[in-house]
Amino acid sequence: MKPTPIANPPNPWASTELEYLDEVPLAKVEIFEDASQSILASNDSPDLGFRFSANPYRGCNHACAYCYARPSHEYLSFGAGTDFDTKIVVKRRAAELLRAAFDRPSWKGDLVMFSGVTDCYQPLEASLRLTRACLEVCATYRNPVAIVTKAPLIERDLDVLLRLHRDASVHVAISIPIWDQTLARALEPGVATPKRRLQTIRTLADAGIPVGVMVAPIIPGVSDEGMAEVLEAAHAAGARTAGYVLLRLPGHVKEVFEARVRTALPLRAEKILHRVRETRDGKLYDARFGVRGRGEGPYAEAIAQVFEVTTKRLGLNAGDDDEWTRPETFRRPERPEPQLSLF
């Protein structure tokens, strides 16, 4: 199935040479510089299992129609549709800013998530290497790290991941929300195939890196049909943990997602949208904490039950939740004292 373009809803608040290791992006990418003076973002959401995250990029060339982060681009005077996919904002000083954050006396070595918003291993990372530079800082300071990505590009940084695993702690979750390759290509056109992502799980697991699978988001009427297969294949490839999040469609993501579904999957569109509403009390989205990531109603409960039964049968999530988060490993590297001048 040929990928289809995504509509770009209007923004209500609006007034380099590259190399790619896998597939070339679907559209020309424009790079914009981010002048942020910090790299760490904090949150107190009860739905998230981490407090601090680092995002070297804003926007994502993976072009997943369902990405919950799309509305964040509107704060930059861009759109949540094709602008999000092609106008990528980069933090070139990401590693420098992370080092400065770790040097502050207030930093105690909490786990840092890469990334809380967009994929830190999206295609631009192949040439810009911002995520790798940040991970090298984490390895130098022995700071615990967790990573969620869809990209096989993470295999490039296996050497840094092994340092983190040895001296601090690291956990990688590979996102595989859709098992059927045709459906995956329709909704996440800039991402490697599900089977290629399974190979990444195997590569990391064989190297000894703690790795899991995120079946996220679960798209009712699409990915729930293959959820058990994803979990079984990931377990066979070496995944030790698994998680899922129900499809979230905040802001203009609803319009982007519906437009893509109706264009790319016209025969399934009404079924998909109906199923989504079944899990959201007749709406396409419910932003309440505790509900937004799991949904409500019989259909959402059935999804949760399949996940729980399958992971229990496979022995996923059977380890200690704290085994890869050890803040006490954090150390600031020693630096030589500056030599005083004789004159």
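Bear in mind that the values in this text are calculations on the coordinates, not laboratory data. Owing to the predicted nature of the structure, the values given are computational and were not obtained by experimental measurement. Note: ideal-geometry Cβ built from the backbone for every residue, glycine included; neighbour counts use all protein chains shown.
Taking each of K195/K283; K87/K108; K87/K150; K150/K254 in turn, the alpha-carbon distance tops 28 angstrom for K195/K283; K87/K108. Shape annotation for segment 205-292: C-alpha extents along the principal axes are 43, 32, 20 Å, from largest to smallest.
Backbone phi angles across segment 241-246, fed through the Karplus curve with coefficients 6.51, -1.76 and 1.60 (θ = phi - 60°), yield HN-Hα couplings of 10, 8, x, 8, 9, 6 Hz in residue order; Gly and Pro are listed as x.
Extent of segment 33-128 along its three principal axes (Cα atoms, max minus min coordinate, largest first): 41, 32, 24 Å. The charge dipole of the chain, taken about its Cα centre with unit charges on the Cβ of Lys, Arg, Asp and Glu (plus for the first two, minus for the last two), comes to roughly 200 debye. Using only helices, what value at 222 nm comes out for the chain when you add -39,500 (n - 2.57) per DSSP H run of length 4 or more and divide by the total residues, to the nearest 500 deg cm²/dmol? Counting only the DSSP helices, I get -9500 deg cm²/dmol. Sequentially through segment 196-209, phi angles give Karplus couplings (6.51, -1.76, 1.60; θ = phi - 60°) of 5, 5, 4, 4, 5, 4, 5, 4, 5, 5, 4, 7, x, 7 Hz, Gly and Pro residues having no value and appearing as x. With the alpha-carbon atoms of the chain aligned to their principal axes, the span from lowest to highest coordinate is 80, 52, 36 Å, starting with the largest. When Rg and the Kirkwood Rh are both derived from Cα coordinates, the Rg/Rh ratio for segment 156-248 amounts to 1.00.
For trypsin sites (Lys or Arg not before Pro), no site in segment 149-179 is both called loop by DSSP and has at most 13 other Cβ atoms within 10 Å. Between K108 and R335, the contour length at 0.36 nm per residue exceeds the alpha carbon distance by 79.8 nm.
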